[in-house]
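One structure is given here, and the rest of the page talks about it.
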Amino acid sequence: MPNDLSPVLTVMQGDGFYNRNSRAQAAGIDAVVPLWEKALRSIEIGREPIVVADYACSQGRNSLAPISVAIAHLRSRTEPDRPVEVIHIDLPTNDFSSLFDVLETAPESYLRRGPGVTASAVGRSYFKPILPEARVHAGWNSWSLHWLSRLPAYAPDHVSACFSADKDVLAAVALQQAEDWRRFLEARAVEMRAGGKLLTLSSGKPERGRGWAWIEDALWQTASELRDRGVLSAGELLRMTFPWVERSVADIEGPFGASRRFAGLELEHAEVIRAPDPFWHEYLETGDSALLGKRWSDTVRAYYAPLIRPALEPGREQESVLDCLFARFAERLADNPQVNEHYGVVAVLRKC
Ligand SMILES: C[S@@+](CC[C@H](N)C(=O)[O-])C[C@H]1O[C@@H](n2cnc3c(N)ncnc32)[C@H](O)[C@@H]1O
């Protein structure tokens, strides 16, 4: 049993691979834009420049729409040329080059919204304070908080710690998600201005059952098959325990209590939504199950590949192992095409 449960670096696959393979996350973002617009309408703004923080920007493509919406809404309530400072935040090892490239070159970049909008980036974990006190009017955070700050336990029976049947593993995951959520909130409470708002969207847990069963169980079966064929060692399979969690509404409400306040933040809204599957209609139209399998395999590779490489023994041909794993995974998905049933939990916070 490995004993090194050190912090993990849950960045996405670089060279723009995440930007090219994150339509699933983009579809979930589209679903919460109306809630984001509602939050933006009630943010208090004085005479100061507007500050928008994007917590966990990754390579930026999926940030363009919600940040553009924020700029348009907040400026519509002040002056159309009010200066806007956008700050993108992610882990230091994030592929920031792809972010800057998208900001400069994408036709839908918010930097094309006229003068007075500036962009910068910070490489730091959001489990610590990042920005000066009382700075942020609008905070955006999509599809990141399900990543735990550290792997709390190895799972002997699944690639995802949160889907293990082992009670000790589940208890360790539950403790870690609660601690991470509190740390995230405490740090944001410092940075947000009074009357500012933050929307966070991450993997959600429905009242009954769980999400991602088709995809995640197929990945576990694929990795186990490769272990049986000698492509992966037992140690490599165990180290391929991924540190993420689905949060319920109760998990989100946990620190807030009856007052719905915690650390100077008020929880205005929390709900679990069914997240869209952006590939299913394409499959129904084309009947191409191989394409459906490839779409989901690439989506999953974009976030798991950086965690799999350090799980492999030294000296392995890492890219060949990854190619083999994800090709077989795509085949397995293609053999059993389904809608990917998964959920998001969305919360809106207001700084008191
Ligand atoms: C799935 S991507 C989401 C990117 C984008 N927001 C979206 O919705 O498509 C998750 C991002 O969270 C970042 N992340 C994970 N843990 C983080 C932390 N502790 N601090 C800052 N960013 C973190 C990862 O590096 C990654 O870029």
In segment 15-33, anything more than 10 Å from the ligand (Cβ to nearest atom) and among the aromatic types (Phe, Trp, Tyr) is listed as Phe17
Across (1) within 16 Å of the ligand (Cβ to nearest atom); (2) open to solvent by 40 Å² or more (accessible area, probe 1.4 Å), Asn141 clears everything bar (2)
Checking Glu225, Glu216 in turn, the sole residue that is open to solvent by less than 30 Å² (accessible area, probe 1.4 Å), more than 30 Å from Ile43 (Cβ to Cβ) and of a type in the set (D, E, K, R) turns out to be Glu216
Checking Arg247, Arg274, Arg261 in turn, the sole residue that is closer than 21 Å to Asn340 by Cα, touching a residue at least 40 places away in the same chain (Cβ under 8 Å) and open to solvent by 50 Å² or more (accessible area, probe 1.4 Å) turns out to be Arg274
Those residues of segment 72-91 that are open to solvent by 10 Å² or more (accessible area, probe 1.4 Å) and within 16 Å of the ligand (Cβ to nearest atom) come to a total of 2
Residue count, segment 333-350, condition part of a helix (DSSP H, G or I) and either of a type in the set (Val, Ile, Thr) or open to solvent by 60 Å² or more (accessible area, probe 1.4 Å) (or both), comes to 1
Listed by range, helices (runs of 4 or more DSSP H) wholly within segment 125-242 having at least 3 residues that are under 19 Å from the mean Cα position of the chain (by Cα) are 167-191, 213-228
Here the residues within segment 34-57 that are open to solvent by 30 Å² or more (accessible area, probe 1.4 Å), outside any loop (DSSP other than H, G, I, E, B) and either near the ligand (Cβ under 10 Å from one of its atoms) or among the charged types (D, E, K, R) (or both) are Glu37, Lys38, Arg41
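The values are calculated or read from the model by the stated rules, or taken from the named source; none is laboratory data. Quick caveat: nothing in here was measured; it's all calculated off a predicted structure. Cβ coordinates were reconstructed from backbone atoms using ideal geometry, including for glycine residues, and neighbour counts include every protein chain displayed. Ligands, DNA and RNA are stripped out before the accessible areas are found, and what is left, the full protein with its side chains, is counted by its heavy atoms. Shrake-Rupley method; radii C 1.70, N 1.55, O 1.52, S 1.80 Å.
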